[in-house]
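Working notes, structure below.
The values are calculated or read from the model by the stated rules, or taken from the named source; none is laboratory data. All values derive from a computational prediction rather than experimental measurement. In this analysis, Cβ positions are derived from the backbone assuming ideal geometry, glycine residues included, and neighbour counts consider all displayed protein chains. With ligands, DNA and RNA removed, areas are computed over all heavy atoms of the protein, side chains included. Shrake-Rupley method; radii C 1.70, N 1.55, O 1.52, S 1.80 Å.
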Amino acid sequence: MENPCEVLGSKGLIRRHEFVRIIIQCLYSLGYSSSASCLESESGVSYKSNEVKLLESLILNGNWDESIGYLNSIKDVLGETRESALFLVFRQCVMEYLNCGEDALALGVLRKQVSSLDVDKCKVHSLAKCLLSLKDGELSAIGGGDVVVHDLRTRLLVDLEKLFPPPVSVPEGRLEHLVESTVMAWVDSCMYHSSSSPISLYEDHHCRRDQIPTATTQILTGHKNEVWFVQFSNNGEYLASSSNDCTAIVWKVLEDGKLTLKHTLCGHQHAVSFVAWSPDDTKLLTCGNTEVLKLWDVETGTCKHTFGNQGFVVSSCAWFPNSKQFACGSSDPEKGVCMWDCDGNVIKSWRGMRMPKVVDLAVTPDGEYLISIFMDKEIRILHLGTNAERVISEEHPITSLSVSGDSKFFIVNLNSQEIHMWDVAGKWDKPSRFMGHKQHKYVIRSCFGGLNNTFIASGSENSKVYIWNCRNSRPIEVLSGHSMTVNCVSWNPKIPQMLASASDDYTIRIWGPSLQKTEGQLE
């Protein structure tokens, strides 16, 4: 017999007896019954405890009174699950009595014993209904003979075993749980993890820097003035940029990872401060600085509609999931927030004396929430289905907003040189904070990125790009290359190792894994 106090491992933290028992359980669950039985025999360790073995003998032999008596005798072991265990045994007992024509015995168990249990009354009512109708599917199955009865009693034992606490019973799938917990701990501690590939158990997991973009792979110089905004399309096949040169550009992402100019969108009279892709990536909105809003066809590069007129002040816009409607926020308090369709019809508006200046807004990708930033420290989260509104007040002015692709989180840039991450559902009392970048005077935009939105990237007034892991408040990478303020960054949603940054130095930089050494320049 194995010594239950013997330990394994260099730290002496693993009890050999428990370790072997869990392995035996895993072998049984994988279908390797012969191997499991052999290991039990060779090690002297039994997967099933003495308590479970005794109960198994009683149940399989149909000794219901003894089974009930035994469960009551170990009530201190079972604790709160004792009543649920008793109900399962009574249920099997009642069904077998009914099947044998012992209706009076079945009714007696139901009235005197089952009804007194502190269990879900719906279960009790269901059993009573079964008794009255005699049409329960499992009852007809019992009539199949001794083999079926044995199978149903075996199933009962499996259910009972789940109610037994350790070490009387080993929790189901214990080894898988332990291994998964270890793998998740590896991932959580890996600051560069951004791969969907299965993680090998043969060695401890650790990602290299090449899992995220850290090196310039291309410089785009299509704009003739400061570049204020960049955003990848939802399918990752295009990049849109806007500039102080009064244009927006649509870039095509090629198969080799390089970008080439597809369309230059001309028509604005002032700087283009913002762009927004429709969810289906067929349309693009461009916001002129203190002027009109334009809707473009991505495939042809033609303007399909112009919204507003001169003096129409739009600060930001965001699409709804149907790609047919969008919201736009105005820095003019009298205009507030409006919902438009692609033909220029105002569907809904939120405006009035109480409506302050809108700094930025976003619609969560699932279409459930409209999040607005109001001048200059207030975040309003509106549930579009119920009109329930939640307000978050920040201590410092907010300059921009970005929502995660899974609609669960959003980040705001503050001029206090911090980025705050909040949960959309409102479960957090305080935000996660990210710092290290420089932001005092200008609008700096950040974004989520990488596998499962694991990372946050942001521009900075010191000409650098900063990258954080969402679990760490300090940056894991600081990327150099631009010569002036980096206004905006965008992470490719389909290529986790591609990042774009827009700068006052008139350029857009494309960043990729550090293994890629070459730089290309596109005029």
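All told, residue 287 meets the bar of being within 23 Å of residue 224 (Cβ to Cβ), touching a strand residue (DSSP E or B) at 6+ places or on another chain (Cβ under 7 Å), part of a strand (DSSP E or B) and open to solvent by less than 10 Å² (accessible area, probe 1.4 Å). When residue 37 is tested against (1) closer than 19 Å to residue 156 by Cβ; (2) free of Cβ contacts under 8 Å to residues at least 12 places away in the same chain; (3) polar (S, T, N, Q), exactly one condition is not met: (1). The set of residues from the stretch 97-118 being open to solvent by less than 20 Å² (accessible area, probe 1.4 Å) and either in a loop (DSSP other than H, G, I, E, B) or under 23 Å from residue 52 (Cα atoms) (or both) comprises 114, 117. Could you please let me know if residue 158 is surrounded by 11 or more Cβ atoms within 10 Å (Cβ to Cβ) and either among the hydrophobic types (A, V, I, L, M, F, W, C) or more than 20 Å from residue 22 (Cβ to Cβ) (or both)? The answer is no for residue 158. With the requirement that a residue be among the polar types (S, T, N, Q) and in a loop (DSSP other than H, G, I, E, B), what does the stretch 388-409 give you? 404, 407, listed by residue number.
Residue-wise test of (1) of a type outside the set (Val, Ile, Thr); (2) closer than 21 Å to residue 215 by Cβ; (3) under 19 Å from the mean Cα position of the chain (by Cα); (4) open to solvent by 50 Å² or more (accessible area, probe 1.4 Å).
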| site | (1), (2), (3), (4) |
| --- | --- |
| 418 | yes, no, no, no |
| 426 | yes, no, yes, no |
| 437 | yes, yes, no, no |
| 458 | yes, yes, no, no |
| 463 | yes, yes, no, no |
| 471 | yes, no, yes, yes |
| 475 | yes, yes, no, no |
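Pick out the one residue from 169, 200 that is open to solvent by 40 Å² or more (accessible area, probe 1.4 Å), outside any helix (DSSP H, G or I), out of contact with any Leu (no Cβ under 7 Å at 6 or more places or on another chain) and not aromatic (Phe, Trp, Tyr). If you could, list the steps in order and put the result at the bottom.
Details: 169 fails: open to solvent by 40 Å² or more (accessible area, probe 1.4 Å).
None of the others qualify; the one that does is 200.
What residue, of 175, 131, 139, 127, is modelled with pLDDT of 85 or more and touching a helix residue (DSSP H, G or I) at 6+ places or on another chain (Cβ under 7 Å)? Give the derivation first.
Details: 131 fails: modelled with pLDDT of 85 or more; 139 fails: modelled with pLDDT of 85 or more; 127 fails: modelled with pLDDT of 85 or more.
It is 175.
Residues in the stretch 395-416 that are of a type outside the set (A, V, I, L, M, F, W, C), open to solvent by 20 Å² or more (accessible area, probe 1.4 Å) and touching a helix residue (DSSP H, G or I) at 6+ places or on another chain (Cβ under 9 Å): 3 in all.
Out of the residues in the stretch 376-407 that are of a type in the set (S, T, N, Q) and without any contact (Cβ under 8 Å) to a residue 40 or more places away in the chain, which is nearest to residue 422 (Cα to Cα)?
393
Looking only at residues in the stretch 51-64 that are out of contact with any Leu (no Cβ under 9 Å at 6 or more places or on another chain) and in a helix (DSSP H, G or I), the one that is surrounded by the fewest Cβ atoms within 10 Å (Cβ to Cβ) is 53. Looking at the stretch 190-197, is at least one residue surrounded by fewer than 16 Cβ atoms within 10 Å (Cβ to Cβ) and touching a residue at least 12 places away in the same chain (Cβ under 8 Å)? Taking every residue of the stretch 190-197 in turn, at least one turns out to be surrounded by fewer than 16 Cβ atoms within 10 Å (Cβ to Cβ) and touching a residue at least 12 places away in the same chain (Cβ under 8 Å). Within the stretch 243-267, restricting attention to residues that are farther than 14 Å from residue 492 by Cβ and hydrophobic (A, V, I, L, M, F, W, C), the residue that is surrounded by the most Cβ atoms within 10 Å (Cβ to Cβ) is 248.
Looking only at the stretch 364-381, which residues are assigned to a strand (DSSP E or B) and surrounded by fewer than 18 Cβ atoms within 10 Å (Cβ to Cβ)? It would help to see each step written out before you state the result.
Our first condition is that a residue be assigned to a strand (DSSP E or B); within the stretch 364-381, this holds for 369-374, 378-381.
Listed by number, the list holds a single entry, 378.
State yes or no: is residue 294 surrounded by 15 or more Cβ atoms within 10 Å (Cβ to Cβ), in a strand (DSSP E or B) and not acidic (Asp, Glu)? So residue 294 fits the description; yes.
Quick check on residue 412: is it in a strand (DSSP E or B) and touching a Lys or Arg at 6+ places or on another chain (Cβ under 7 Å)? No: the conditions fail for residue 412. Listed by position, the strands (runs of 3 or more DSSP E) contained in the stretch 419-523 that have at least 2 residues being at pLDDT 95 or above and more than 29 Å from residue 251 (Cα to Cα) are 432-435. Taken together, the criteria exclude residue 89 from residues that are assigned to a helix (DSSP H, G or I), hydrophobic (A, V, I, L, M, F, W, C), surrounded by 18 or more Cβ atoms within 10 Å (Cβ to Cβ) and in contact with a Cys (Cβ under 9 Å, 6 or more places away or on another chain). Residues of the stretch 23-47 that are open to solvent by less than 30 Å² (accessible area, probe 1.4 Å) and β-branched (Val, Ile, Thr): 24, 45.
Looking at the stretch 219-242, which of the residues that are farther than 14 Å from residue 492 by Cα and β-branched (Val, Ile, Thr) is surrounded by the fewest Cβ atoms within 10 Å (Cβ to Cβ)? Talk me through it step by step, then tell me what you get.
Here is the first cut: in the stretch 219-242, the ones farther than 14 Å from residue 492 by Cα are 219-229, 242.
Going one step further and asking which of them are β-branched (Val, Ile, Thr), we end up with 219, 221, 227.
Values: 219: 16, 221: 13, 227: 31.
Only one residue fits best here, namely 221.
Each residue in the stretch 268-284 was checked for being under 16 Å from residue 229 (Cα atoms), open to solvent by 20 Å² or more (accessible area, probe 1.4 Å) and either in a loop (DSSP other than H, G, I, E, B) or touching a His at 6+ places or on another chain (Cβ under 8 Å) (or both), and 1 of them qualify.
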